[in-house]
Each structure stands twice: as structure tokens, then as C-alpha cells.
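This report refers to the structure that appears directly beneath it.
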Amino acid sequence: MKKDFTLTQEDFDALLGWLSDNREEAGVLYEKIRAGLIRFFRFRGCADPPTLADETINRVALKVKTFDSSKNVQTITYFYGFAANVFLEYSRTIKKREVSWDSQDFSEERKLQAADDAPNTECDCLENCLKKLPREESALIVEYYGKEKSEKFELRKKLAEKMNLKMPALHTKVFRIRSVLRECVMKCLKENSL
């Protein structure tokens with residue numbers, strides 16, 4: 001997320017006043033909207049739906065004073081409009097942090113291999129380097145890259161939950177392990193090409 005959308009008491013009071021003149025009714029509406037937003041983000045596979053729901057509510061609250069009440073737009077429409085934008089920002093952030101095991105990562109190593117070398121040299125090096133990692137790190141890498149396409153996000157989400165990490169922290173951890181692994185594989189391939 002780009003900006004810090006911090007909510008003041010004045011903004012929160014304005015939001016509740018916008019939802020209903022009755023403070024108690026406004027509180028009930030607030031809770032219903034928040035629960036709906038959490039479902040919205042959970043359904044889209046977000047790692048932390050409550051935080052994204054709160055972010056959405058904060059943004060609406062900060063803009064409530066600028067809404068044109070003469071347009072007769074339902075209040076919930078504003079929330080889901082803002083939620084769509086928050087989700088897009090979240091998606092961009094995740095894509096930037098996404099770690100992928102790209103075949104191009106080993107393009108230098110492939111150049112080092114002679115044409116008549118055993119075709120499994122790269123795989124053998126990778127396997128040997130995985131064995132050199134601590135057991136937990138090796139298992140994490142294998143599991144992290146174990147699925148393809150739509151299955152991988154769900155798997156990684158479960159991994160993050162199992163390790164009690166947020167998705168960005170998991171991506172960072174995997175990136176660090178992968179860097180060590182890449183160095184080891186490059187060294188192995190250089191040794192095998194000599």
C-alpha cells in the first residue's frame with residue numbers, strides 16, 4: 001500500500017454519522033460492512049483480510065466528507081468501490097514480492113555445461129545443494145515450489161499460516177534461501193564443467 005491512511009476520531013465519527021443518525025445502528029452497520037469486506041478479501045485469496053477491510057474502511061472514512069449525498073448512491077457501493085482499489089494495490093504488491101523459480105535463473109550455468117555432459121547435471125547439483133541446506137529450509141523450498149498456477153497461491157498461503165508468517169515475510173525467507181541455493185548450484189555447475 002502506498003500511503004498511510006490513518007483514521008482520526010473525527011473521521012470515524014463522521015463515518016458513523018454518515019452510516020446512520022442513530023449511533024447504535026451505525027455501529028451495527030459498521031460491523032456488518034466490515035464482516036462483508038473481510039469475506040470480500042478472503043474470497044479473493046488475500047493473506048490478511050481483516051487488515052485490508054480496515055484499510056478500506058479507513059479510506060472511506062477519510063473521504064466521507066467529500067461524498068455527494070444528492071446522487072442517491074447506496075453507502076455499501078462506496079465501500080466495495082474502495083475495496084476493489086485496495087485489492088488491486090494488494091495484488092500489485094504481492095506480484096512485486098512474488099518469488100519465482102525461473103529457468104532463466106540458471107542460464108549462466110547452462111552455458112557452462114558442455115553439450116555431451118550428462119543431461120541431469122543441473123538436477124544433480126540442485127539435489128546436492130538442497131541436501132546441504134538445513135532440513136527445514138530444504139523442505140520449505142521443495143514445498144514452496146511444489147505446485148503450479150492456481151494451486152501455488154493456496155499452498156503458499158497455507159505455508160505462511162503454518163509458519164505463522166505473513167505472505168511478504170514468507171516470500172522474503174524463500175528468496176534468501178533461494179539465493180544461497182543458486183550460489184551453490186552455480187558453483188557445482190562450474191566444477192562439473194571443468
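The table below lists the values:
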| read-out | value |
| --- | --- |
| Filtered residue count, the range 3-28, keeping only those that are in contact (Cβ under 8 Å) with a residue 40 or more places away in the chain and either surrounded by 12 or more Cβ atoms within 10 Å (Cβ to Cβ) or more than 25 Å from the chain's Cα centre (by Cα) (or both) | 8 |
| Selection from the range 17-47 of residues that are of a type outside the set (D, E, K, R) and within 30 Å of ASN164 (Cα to Cα) | TYR30, ILE33, ALA35, GLY36, LEU37, ILE38, PHE40, PHE41, PHE43, GLY45, CYS46, ALA47 |
| Within the range 65-164, helices (runs of 4 or more DSSP H) holding 3 or more residues that are at pLDDT 85 or above, surrounded by 12 or more Cβ atoms within 10 Å (Cβ to Cβ) and outside the structural domain of ALA53 (by TED's automatic domain parsing) | 121-132, 135-144, 149-162 |
| Failed item, numbered, when LEU52 is tested on (1) over 15 Å from the mean Cα position of the chain (by Cα); (2) at pLDDT 80 or above; (3) not aromatic (Phe, Trp, Tyr) | (1) |
| Positions within the range 145-170 being more than 20 Å from ARG92 (Cα to Cα), in contact (Cβ under 8 Å) with a residue 12 or more places away in the chain and under 14 Å from the mean Cα position of the chain (by Cα), in sequence order | LEU159 |
| Matching residues, the range 1-50, being among the aliphatic types (A, V, I, L, M), assigned to a helix (DSSP H, G or I) and under 15 Å from ALA61 (Cα atoms) | ALA14, LEU15, LEU16, LEU19, ALA26, LEU29, ILE33, LEU37 |
| Filtered residue count, the range 47-84, keeping only those that are touching a helix residue (DSSP H, G or I) at 6+ places or on another chain (Cβ under 8 Å) and either on the phi > 0 side of the Ramachandran plot or among the β-branched types (Val, Ile, Thr) (or both) | 6 |
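The values are calculated or read from the model by the stated rules, or taken from the named source; none is laboratory data. These numbers come from a predicted model, not from an experiment. Heads up, the Cβs are rebuilt from the backbone with ideal geometry, glycines too, and the neighbour counts pull from every protein chain shown.
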